[in-house]
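Beneath this line is the structure, given in structure tokens, with notes to follow.
The values are calculated or read from the model by the stated rules, or taken from the named source; none is laboratory data. From a predicted model like this one, the values you see are computed outputs, not experimental measurements. When we count neighbours, we look across all protein chains shown, and the Cβ atoms used for this are built from the backbone with ideal geometry, even at glycine. Side chains included, ligands, DNA and RNA excluded: accessible areas come from the protein's heavy atoms. Shrake-Rupley method; radii C 1.70, N 1.55, O 1.52, S 1.80 Å.
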Amino acid sequence: MNSKVELIYENNEYSVSVNGSVVNKEKDLDKAFEQFKTVINNNKTSEARAWDDIVTKFEALDNDNLEINNEFRTMTYGNMKYFYNMGKVFYMGNGQMVPLIGGYSLFKFNLNIASEGNLEKANDFAEFCKDVMLSNVNYRVIDSSIIVSSASFNYGSAEYNFMSEKINKGASIIKGSFDEFKEYVLNIIK
């Protein structure tokens, strides 16, 4: 639940607030407590629906390498694990647990770039994100590209587009593989 729900007693009155905004005031404690429980249940229900929607979308991919754990609300694809309740993604390979930038959108992006079921490609991408994070450099994913931002690059960033297979080095754009992009980026930021 992403909302902060509070039951407050002040000036002989009970109030229920969500994220600091009062949604109900009562003189009777029992009525206030019932309203408090209702607000919490409403938030849990919408959260559960959102998780169910995500699960439905990913199950439709029919990918045997995708592991969905409904009890703990986690999804694992290769070396990348998404924790729904925290909204975070972690690299989970080689005995490491490194937080990655991007949450759900990064996890979804990783599944999309490996949509042909190429788990090796997905693990390679997750490991690259981990290496960038451990170098204290930022990255983001948009559409079909990953953009790594650092003052070390010409024009402050480098981009790889998985659809066009082009590397944008700031001053030039060349055709290249993801491996060539990784080598270029990691040589500059490490």
Item to complete: May I ask you to list, by number, the DSSP H helices of the chain whose Cα span along the axis is at least 20 Å and whose average Kyte-Doolittle hydropathy reaches -0.5 or more?
Response: 119-134
Discussion item. Let me make sure I get this right: for segment 95-190, a, b and c are the square roots of the gyration tensor eigenvalues over alpha carbons, sorted descending. Under 1.5 in a/c it's rounded, otherwise prolate if a/b > b/c, else oblate. Which is it?
Written reply: oblate
Worksheet item: Hey, with R₀ at 25 Å, roughly what FRET efficiency would Asn11 and Phe33 work out to, going by the Cβ-Cβ distance, to 0.05?
Response: 0.90
Discussion item. Restricting to DSSP H runs of at least four residues, report the calculated mean residue ellipticity at 222 nm for the chain, -39500 (n - 2.57) per run over all residues, nearest 500 deg cm²/dmol.
Written reply: -12500 deg cm²/dmol
Practice prompt. Give the calculated FRET efficiency between Ile174 and Asn138 to the nearest 0.05, with a Förster radius of 30 Å applied to their Cβ-Cβ distance.
Written response: 0.85
Response to the item:
Taking placed amide H atoms and a strict 5 Å upper bound, the residues 5 or more places from Asn24 or on another chain that come that close are Val16
Worksheet item: On the first, second and third principal axes, largest extent first, how far apart are the outermost C-alpha atoms of segment 69-135 in Å?
Response: 29, 28, 21
Fill in: Calculated diffusion of the chain, Stokes-Einstein form, Kirkwood radius summed over Cα pairs, 4 °C and 1.567 mPa s, µm²/s
67 µm²/s
Discussion item. Just the number please: accessible area per residue for the chain, 1.4 Å probe, all protein chains included, in Å².
Written reply: 58 Å²
Worksheet item: Taking the Cα-to-Cβ direction at Ile101 and at Asp64 and moving 7 Å from each Cα, how far apart do the two end points lie in nm?
Response: 3.6 nm
Worksheet, complete the sentence: Over 25 Å (Cα to Cα) among Lys88/Lys182; Lys81/Lys121; Lys57/Lys121; Lys4/Lys108 -> Lys4/Lys108
